[in-house]
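Everything below concerns the one structure shown next.
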Amino acid sequence: MTMQPDATAGRLEPWRLAVGGLSQEQIVAALTVVLLLGFSLGLPGFATTANLLDLLRSISKLGILGLGMGLIVISRGIDLSEVAMMAGSWCVALTAIPRGLPPFWAAVLALTICVAIGLFNGVMVAFIEAPALFVTLATAYVIYGAAFWFASAFVAYAPLDAPELVFAGRGMLLGIPMPILVFAAAASVMHAFLSWTSIGRFIYAQGDNPEAARLTGVALRPLTILEYVLVAALAWLAGLVWIGETGSMQMAIVQGSTIFDVILVVVLGGISLVGGRGGVFSVVAGCALIGTLLNAFTIMNVNSEVQNIIRGVVLLVAIILDNLLHPRDEETARQGD
Amino acid sequence: MLRESSLTGFIRALSVTALVGAPMVALAQEETGTKTAHELRADYDKNLKGKTIAFLPIATGVPLMDEWGSVIKTEAEWRGMNFVIRDPNNNPAAMQQALTALVDEKPDVIVVQNPSVTLLQKELKRAEAQGTHVIQMNMSSNYKSDAFVGADWFEVGRMLAEDVVKACGTGSGTSGKVQIVQGELTAAASVDQIAGVMDALNKDKAIKVVSNQAAQWDANNALNITATVIQQHPDLCASIGFWGIMQSGAAQAIRNAGKIDQVKVYASGEGSQLDCDQVNQGNFYKFLSYTAGEQGRDAFLAAEALLENDAKPGSSHREYYTRPIWLDKSNANAANCYPVPKPPTPTAAADATPKK
């Protein structure tokens, strides 16, 4: 990203000139590298291959969810039902397996449920023009209640005799845990989609200035529906890894802080909530920072209350940094940078 | 010929009447039952029939609370009592509102589970002042009401840790490293259990607690924490978790690392079929169940006693502690584990009529 001449150009501080050339994701990545070096030197047991692989593995599910959330935030939307879709669809699927549904069809059932909810979200936002925040919030509540009704299970366990189903979460390929490979594959596909396809460019256009995009002929409504369906599909993928790795799916996570952790890594990595900015690297950088902190805290046995405080502080710092790097004035606030 | 005296004749007539009449009287009694049995039951019904018992857990949909609700409902309805349940869905504000509304309806007994020691204490005091018996369940508030029913968390923690000391302490030939996965650092159940655990673990110098983290009752958090711990300490001896459903995540992490045969995974919990499945699959080494079904029955027993005693609410305090039982592969069967119940449907306010 290059520096834009603006009303404040005459009185830019030297440090702003220095770091202003860097995007937020680059700053976050640099910060992560600094932390990694620091922890490697100061914390015994941190700088081993096994621990670093474990670090990457622990952020993979969050990363897959973050890819979906990042996509929708780039388009100036938001999807608060992402975790609910993941938990609800897989809970229903896992409780259907003991009743006789083969694991493959259970996975298809989960995907169908996710895509159906994604379609609903997309239609509500695109055609009914309801605000995405409220639509997806309401959808999350509906999923929570409906899943309990159909699945009647507070926690659903993965089947013991379906190795293909749990391979994405539990398997290893070339010595690397599968969750990392699934995340890497999803990230590569998403990056190619956003950077090299015209639909990807349209998504950025929509996020940057929806009115201008519409006037230049971008079909916004089908695009919006596609975006919400893609988020839903990524939620399904994250769930597939989740049930393999954790061995169960708990409905309670819908009411927990998981969805805010997903938004945290997205905003932290530089995908601004006003849209049109950032990319896959932002999500990866945000996940890497959070993963490094959490891994180090667990090794240091820092209690979870302190971990929460630090996560909150890191998010505040990211938002302030975003504001300082990209000062908003009358022009940029409306049309993007 | 000897002539019978009138007295003998009278006695003879009487005995004949008795001999002939007794079966007939007995026959008559068999048709309507013994008087004493009727009197006992009438006395019982007088105290219980038509009375209302209200149940306010922290949330429904959790196997623990659902089993309590299911047991109390069955016991209450058999005695012709009304059963009322409210579901605040983990929301403290909703729980306060629900309790206020319940107290205003003036039920005879309220069974309540406290999310913290202070949230509900004022309302509970008001309930007893106006004549409603209050039974606090599983976690108490600072106000001591008529009865408390639950597990002794300190004892549960201590029992878990004492078994760990036997398995991993001095002379066991292991590293002595122990991981603790708490629920929430501020929940009373967690705070008391950890106190009991540390009390027992501190008695053996060979035990080292390498990790003591809270996973917020979430299996995925437990998985992530344990994956790091087992990676840092491959010679881990035992893992203690404060809830079976959460600890299954920790067990999965240890299984993923290939160490499930080396690390002894302990958990405490309500003893539903889910927990027993984990034991039978080899994920849990031993499980300490506080038998939610028994707790439900204890709660109803406490309610029965209070209603039959008919003393003024708040005039006495009774405690009913549940005996925790160890479950391992030898006894984790249907006799000791209850099937996961369906969440009960909340009843409408004030007009729940008795079933019979």
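A short reminder: the numbers here are calculations on the coordinates, not readings from a lab. Source: prediction; values computed, not measured. Note: ideal-geometry Cβ built from the backbone for every residue, glycine included; neighbour counts use all protein chains shown.
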_Hits in region B:38-48 - residues which are surrounded by 14 or more Cβ atoms within 10 Å (Cβ to Cβ) and of a type outside the set (Phe, Trp, Tyr)_ = B:ASN47, B:LEU48
_Matching residues in region B:268-312 - criterion: being crowded, with 24+ Cβ neighbours inside 10 Å and acidic (Asp, Glu)_ = B:GLU270, B:ASP275
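Output the number of residues of region A:268-287 satisfying the condition of being of a type in the set (A, V, I, L, M, F, W, C), away from chain B (no Cβ under 14 Å) and buried (at least 24 other Cβ atoms within 10 Å of the Cβ).
Here the count works out to 6.
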*asked:* Could you tell me how many of the residues in region A:182-209 are surrounded by fewer than 17 Cβ atoms within 10 Å (Cβ to Cβ) and either touching a helix residue (DSSP H, G or I) at 6+ places or on another chain (Cβ under 6 Å) or among the aliphatic types (A, V, I, L, M) (or both)?
replied: 6
_I'm checking my understanding of the structure. Among residues of region A:224-267 that are small (Gly, Ala, Ser), within 13 Å of another protein chain (Cβ to nearest Cβ) and in a helix (DSSP H, G or I), which one is nearest to the chain's Cα centre (by Cα)?_
A:ALA238
_B:SER316 of a type in the set (S, T, N, Q) and more than 27 Å from B:ALA251 (Cα to Cα)_ = yes
*Which of the residues belonging to region B:199-208 are out of contact with any Ser or Thr (no Cβ under 7 Å at 6 or more places or on another chain) and crowded, with 17+ Cβ neighbours inside 10 Å?*
B:ALA200, B:LEU201, B:ILE207
_Qualifying helices (runs of 4 or more DSSP H) (wholly inside region B:238-316; at least 3 residues being within 14 Å of another protein chain (Cβ to nearest Cβ))_ = B:244-256, B:273-280
*Out of region A:153-192, which residues are at the interface with chain B (Cβ under 10 Å from one of its Cβ atoms), in a helix (DSSP H, G or I) and in contact with a Leu (Cβ under 8 Å, 6 or more places away or on another chain)?*
A:GLY169
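Being touching a helix residue (DSSP H, G or I) at 6+ places or on another chain (Cβ under 9 Å) and either under 21 Å from B:ARG297 (Cα atoms) or crowded, with 21+ Cβ neighbours inside 10 Å (or both) narrows it down to one of B:THR32, B:THR100, B:THR60, so name that one. Give the steps one after another, and end with the answer.
On the way: B:THR32 fails: either under 21 Å from B:ARG297 (Cα atoms) or crowded, with 21+ Cβ neighbours inside 10 Å (or both); B:THR100 fails: either under 21 Å from B:ARG297 (Cα atoms) or crowded, with 21+ Cβ neighbours inside 10 Å (or both).
Sole residue among the options that is touching a helix residue (DSSP H, G or I) at 6+ places or on another chain (Cβ under 9 Å) and either under 21 Å from B:ARG297 (Cα atoms) or crowded, with 21+ Cβ neighbours inside 10 Å (or both): B:THR60.
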_Hits in region B:63-114 (condition: of a type in the set (A, V, I, L, M) and farther than 23 Å from B:ASN47 by Cβ)_ = B:LEU64, B:MET65, B:ALA93, B:ALA94, B:MET95, B:ALA98, B:LEU99, B:ALA101
*Only one of (1) of a type in the set (Asp, Glu); (2) away from chain A (no Cβ under 14 Å); (3) touching a residue at least 40 places away in the same chain (Cβ under 8 Å) is not met by B:ASP104, so which one is it?*
(3)
*asked:* So A:ALA50 ticks every box in (1) free of Cβ contacts under 8 Å to residues at least 60 places away in the same chain; (2) away from chain B (no Cβ under 12 Å) but one. Which box is left unticked?
replied: (2)
_Residue match in region B:211-226 (condition: surrounded by fewer than 24 Cβ atoms within 10 Å (Cβ to Cβ), of a type in the set (D, E, K, R) and more than 7 Å from chain A (Cβ to nearest Cβ))_ = no
